[in-house]
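The values are calculated or read from the model by the stated rules, or taken from the named source; none is laboratory data. Nothing here was measured: the structure is a model prediction, and the numbers come from that model. Every residue, glycine as well, gets a Cβ built from its backbone with ideal geometry; the counts of neighbours run over all protein chains shown.
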Amino acid sequence: MTAREEGDRVTVREVGLRDGLQMVRTILTPARKIEWCAREAAAGVREIEVTSFVPPSIVPQFGDSAEVARAALRIDGLHASALVPNLKGAQRAAEAGLRKIDFVLSASDAHNRKNVRRATTESIEEFGRIVEWRKEAAPELAVGAGIATAFGCAISGEVRAGRVLGVLDQLLTLGADEITIADTVGYANPAQVRALMREVIDRVEGRPVTCHFHDTRGLGLANVDAATQAGVRTFDASLGGLGGCPFAPNATGNIDTEDCVYLLESMGFHTGIDVRALIELRREIETWLPGEPFAGAISRAGLPQTYDTRAGLA
Ligand code: COA
Ligand code: ZN
């Protein structure tokens, strides 16, 4: 057994219940969503984005968001959060008792308009309103901000690093507690990730930074490796590689949680997550969501005999 340094810890945050379920045809019952959360928590996953506080008329899957959030808060050892696109979403999330929200906006103005029906600058202003409201109404609520299309946009093409960093600076100034940098449509490559994430880490002054990669073009895990080199220690991933933005052309799934944990543990990072339990759960979820495009290599090939997992020894 290898001694672990603090720096070896990596957090894998499950986003399948949000990014994954916003793309699937089947509407899961709240009971199944909660079973998913509870079983992933039992497998060692500590952070789950459990739902999304958007209007159910826009994403019907999330008509049960308050119920799911409340139930997830009762799961031992789990830090539940939810995506919100505006102040109303933040208020609904706080009302349900959540202690953390992930506000989303896009560096690409074209994608922001499609996704949340306003310009990026207007979303930044909305974030300011959330932080202001939080001061009085929900001082315990951690407010994270996620910058989507940070590596490119399927509508408008190139998104320059300077643009992303400009948005980042404004979010930090307004008071973002955490930052997520997202490759919503799978445009990023490892060199780009290393360069941008170094700049991001330099600016956040110790605030937690998460990378959110989609494996649309097969570079998802290579991008995780690159981000670890830049100092990133939290990654979003989706069980079975489900996911994608319904408001971005040709979007496909997130990096697969099982494969991401396998990569990180194989490289000597400690995630505290039992991959075998994830594979078992993923197989069951495949039966809940017939016809959906599940991805991932480890569930298909199995763990190698040489896999030296340190999961569960924390
Ligand atoms: N939750 C529930 N209802 C909400 C809401 C929220 N977060 N935000 C707005 N609404 C309601 C309003 O109260 C209003 O209801 P009413 O017609 O009964 O008065 C209605 O929705 C329209 O509100 P408005 O502020 O005009 O919203 P909009 O039509 O401009 O849409 C968003 C803006 C942000 C709500 C919408 O574009 C959205 O939810 N986008 C997220 C898309 C998504 O989930 N993408 C994938 C994840 S990145
Ligand atoms: Zn995503």
Just the residues that are under 16 Å from the mean Cα position of the chain (by Cα), under 21 Å from Arg113 (Cα atoms) and charged (D, E, K, R), please, taken from the range 153-212. Asp183
Residue by residue through the range 19-32, note down the ones that are within 16 Å of ligand 1 (Cβ to nearest atom) and in contact with a helix residue (DSSP H, G or I) (Cβ under 8 Å, 6 or more places away or on another chain). Gly20, Leu21, Gln22, Val24, Ile27
Would it be correct to say that Ala295 is hydrophobic (A, V, I, L, M, F, W, C), in a loop (DSSP other than H, G, I, E, B), modelled with pLDDT of 95 or more and over 19 Å from Ala41 (Cβ atoms)? yes
Touching a helix residue (DSSP H, G or I) at 6+ places or on another chain (Cβ under 6 Å) and not acidic (Asp, Glu): does that describe Phe62? no
If we keep only residues of the range 132-151 that are within 16 Å of ligand 1 (Cβ to nearest atom) and over 16 Å from the mean Cα position of the chain (by Cα), then the residue surrounded by the fewest Cβ atoms within 10 Å (Cβ to Cβ) is Ala137
Is the range 39-59 home to any residue that is within 16 Å of ligand 1 (Cβ to nearest atom), buried (at least 21 other Cβ atoms within 10 Å of the Cβ) and acidic (Asp, Glu)? yes
Only one of Ala150, Ala176, Ala195, Ala191 that is touching a strand residue (DSSP E or B) at 6+ places or on another chain (Cβ under 9 Å), more than 20 Å from Phe53 (Cβ to Cβ) and among the small types (Gly, Ala, Ser): Ala150
Name the pairs whose Cβ atoms lie under 6 Å apart, with the first residue in the range 69-87 and closer than 10 Å to Ser52 by Cβ, the second among the aromatic types (Phe, Trp, Tyr) and buried (at least 17 other Cβ atoms within 10 Å of the Cβ), and 6 or more positions between them or separate chains? Ala82/Phe53; Val84/Phe53; Val84/Phe103
Picking from Ala301, Ala222, Ala226, Ala230, which residue would you name as being buried (at least 23 other Cβ atoms within 10 Å of the Cβ) and free of Cβ contacts under 8 Å to residues at least 40 places away in the same chain? Ala226
Checking Ala251 against (1) within 16 Å of ligand 1 (Cβ to nearest atom); (2) touching a helix residue (DSSP H, G or I) at 6+ places or on another chain (Cβ under 8 Å); (3) among the small types (Gly, Ala, Ser); (4) at pLDDT below 95, which single condition isn't satisfied? (2)
Of the listed residues (Ile273, Ile298), the one being within 19 Å of the chain's Cα centre (by Cα) and farther than 24 Å from Leu196 by Cα is Ile273
Of all strands (runs of 3 or more DSSP E) completely enclosed by the range 177-261, which ones contain at least 3 residues that are over 25 Å from Phe127 (Cβ atoms) and away from ligand 2 (no atom under 12 Å from the Cβ)? none
Any residue at all in the range 265-275 that is under 24 Å from Ser156 (Cα atoms) and buried (at least 23 other Cβ atoms within 10 Å of the Cβ)? no
